[in-house]
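Take a look at the structure below.
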Amino acid sequence: MERKIKLKTLNKHITCEICHGYFIDATTVTECLHTFCKSCLVKHLEENNTCPSCGDVIHQSHPLQYISFDRTMQDIVYKLVPNLMENEMKREREFYRLRNLPCPKDMPQNHEIDDKVTDDKHQESDYHRQDEQVNVCLECISNNLKHLKRRFIRCSSQATITHLKKFLAKKVLNGIERYKDVDILCNDELLGKDHTLKFVYVTRWRFKEPPLRLQYRPRVDI
């Protein structure tokens, strides 16, 4: 006989200790593995450097570099809680509607960013042109890597630091598979591989003039 488990018995495992709601954009602290809503955790870390749950110091000066989106946990929450994802989408659309702005998730999406960063015919395709765009200046801060001929690029705000690392590896290391050999920094702070450009801009460049200026260098351990 199949045993049924009530959702309330799992609530403590799938709710945020800050807002006490179900996880939305579940984000985990890599140091202690406690999970919170992304917006709740980022807001907390703007004034603190400790985990809201256990109080452990995440990082003395750059705690935002030690959090990561937990896709598995978010998928679990959406599957366990009926209509949560649909209701969240409705609230998000209403948020943009009241501000007379288009909801990014309703705008036409063509393809995911091509991780191979090829220079073939797909270069002319319209990938992510409908996303919010970010202007980026990539500056080399090492004599051991080539400087880009074109330092300024424009790409989707949803692109991650890993995407930029692969782009740089292809351009300055002559092999996309060497992307882990490159570090990217902003304001001399090392950026996490899963950070989106939107996240970097909001947390590190919010009050500065565009473009977003990033530096790259070879990893210190190679």
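The values are calculated or read from the model by the stated rules, or taken from the named source; none is laboratory data. Note that the structure is predicted; figures quoted are calculated from it, not measured. Note: ideal-geometry Cβ built from the backbone for every residue, glycine included; neighbour counts use all protein chains shown. Accessible surface is based on the protein model in full, side chains and every heavy atom, while ligands, DNA and RNA are left aside. Shrake-Rupley method; radii C 1.70, N 1.55, O 1.52, S 1.80 Å.
The long axis of helix 84-98 is offset from the longest Cα principal axis of the chain by roughly 60 degrees. Rounded to the nearest 20 debye, the dipole magnitude of the chain is 240 debye, with +1 charges on Lys and Arg beta carbons, -1 on Asp and Glu beta carbons, and the Cα centre as origin. Counting every C-alpha pair in the stretch 10-99, the share spaced more than 23 angstrom apart comes to 27%. Of all lysines in the structure, those lying under 23 Å Cα to Cα from Lys12, and not within fewer than 8 positions of it along the same chain, are Lys4, Lys38, Lys43, Lys79. With contacts taken as Cα pairs under 8 Å at a separation of at least 6 residues, the stretch 133-218 carries a relative contact order of 41 percent. Qualifying trypsin sites (Lys or Arg not before Pro) in the stretch 174-214, where qualification requires a DSSP coil assignment and no more than 13 other C-beta atoms within 10 Å, comprise Arg206, Lys208. Among the protein heavy atoms of the chain, carbon and sulfur supply 49% of the accessible surface, probe 1.4 Å, non-protein parts ignored. Bin width 5 Å, origin at 0, all Cα-Cα pairs of the stretch 133-218: what percent of pairs per bin? Pairs per bin, as whole percents: 3, 15, 29, 29, 17, 6, 1, 0.
Judged by the ratio a/c of the largest to the smallest principal axis of the C-alpha gyration tensor, the stretch 28-71 counts as rounded, that ratio being less than 1.5.
The alpha-carbon of Lys170 sits under 21 angstrom from the alpha-carbons of these lysines, leaving out residues fewer than 8 places away in its chain: Lys116, Lys121, Lys146, Lys149, Lys180, Lys193.
For the chain, what does the alpha-carbon gyration tensor say about shape, rounded, prolate or oblate, given a ≥ b ≥ c as the root eigenvalues, a/c under 1.5 as rounded, and a/b over b/c as prolate?
Values: a/c = 1.91, a/b = 1.48, b/c = 1.29.
It comes out prolate by the Cα gyration axes.
For His147 and Ser61, what does the FRET efficiency come to when R0 = 22 Å and r is the distance between their Cβ atoms, rounded to the nearest 0.05? Result of the calculation: an efficiency of 0.15.
When ligands, DNA and RNA are left out and all protein chains stay put, how many square angstrom of accessible area per residue does the stretch 10-99 have with a 1.4 Å probe?
On the way: 5570 Å² over 90 residues.
Dividing the accessible area of the stretch 10-99 by its residue count gives 62 Å².
Round to the nearest 0.05 the FRET efficiency obtained for Lys12 and Arg93 when R0 = 41 Å and r is the Cβ-Cβ distance. Computed FRET efficiency for Lys12 and Arg93 comes out at 0.85.
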